[in-house]
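Below is one structure; the comments refer to it alone.
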Amino acid sequence: MSVILIVYDSNSNHTRSMAQRVARGVESVAQCEARVRSVAQAGSTSADRAPPVPNSGAPFAELQDLEECDGLILGTPTHFGNMTASLKLFLDSTTSIWMQGKLIGKPAAVFTSTGSMHGGQESTLLSMMLPLLHHGMLITGLPYNLPELSSTTTGGTPYGASHVAGADGERALDDTEALLCTALGERVARIAHTLATAS
Ligand SMILES: Cc1cc2nc3c(=O)[nH]c(=O)nc-3n(C[C@H](O)[C@H](O)[C@H](O)COP(=O)(O)O)c2cc1C
């Protein structure tokens, strides 16, 4: 089995819903398994003081999850055009993984949820790619042979999957956004499994 690790942060569950759709895409590929993990909240307290298990959502990601994965997909709400502090805090804990080159050559992708349509989806997606490039990962986005990428009037970008939650945060994933989340998971899984079985 090829393991695709999906690590997300989410404060009001939109990004979490995306993670579930991405996982569905991963698991649509034979011999691929989605491992969904969240991150501890940075907030005003140190992550060291976070509860050992989250109050809701997926278990917290551990470095061992990174070691064991064949591909990695990161998701975050957009906070001021960037990934959240909590996801960054987790990524900043991965130095030992970087030093050992554990993620080199593995495929990766990203997704985000924003409040507004032009509130910084692309900049947030790009912000998550930077540490992934330092880790030597092979970044993939969404290709334009997915017709929904051209027809969407909401989320969905070539840089990765995205969702617009609306100013009141009430807007759920629409069918197009959900389909593109699934396509992203499927794409990473196919690439990861091909690479893992070729080596
Ligand atoms: C501190 C903070 C900063 C935010 N910054 C942005 C932003 O720059 N652009 C935007 O469109 N939405 C912004 N939002 C809204 C969130 O991105 C949006 O509500 C998102 O859907 C939340 O995802 P979640 O439910 O996974 O937490 C911000 C929200 C918070 C709390």
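Arranged from fewest to most other beta-carbon atoms within 10 Å of their beta carbon, His193, His79, His163 become His79, His193, His163. Note on the chain: helix-only mean residue ellipticity at 222 nm, from DSSP H runs of 4+ residues weighted -39500 (n - 2.57) and normalised by residue number, equals -11500 deg cm²/dmol.
Were the residues from Glu67 through Val53 laid out at 0.36 nm apart, the gain over their Cα-Cα distance would be 3.0 nm. Placing a label point 7 Å from the Cα of Ser116 along the Cα-to-Cβ direction, the residues of the range 150-182 with a backbone N closer than 18 Å are 154-156, 163-171. What residues qualify as long-range amide H neighbours of Tyr8, i.e. H under 5 Å apart, gap of 5 or more or another chain, H built at 1.01 Å from N? The answer is Arg37, Ser38, Val39, Gly75. Pairs of alpha carbons in the chain separated by more than 27 Å make up 22% of all such pairs. Applied to the range 168-175, the Karplus parametrisation 6.51 cos²θ - 1.76 cosθ + 1.60 on θ = phi - 60° returns per-residue 3J(HN,Hα) values of 8, x, 9, 8, 6, 4, 8, 4 Hz, with x for Gly and Pro. Put in order of Cβ neighbour count within 10 Å, fewest first, the listed residues Asp168, Asp65, Asp70, Asp9 become Asp168, Asp65, Asp70, Asp9. So what's the gap between the Cα centers of the range 145-165 and the range 6-83, to the nearest angstrom? About 21 Å separates the Cα centre of the range 145-165 from the one of the range 6-83.
Read-outs: derived from the displayed coordinates by stated rules, not from any lab. Bear in mind that the values here come from a model prediction, so they are computed numbers and not experimental data. Quick reminder, even Gly has a Cβ in these numbers, built from the backbone with ideal geometry, and neighbours come from all protein chains shown.
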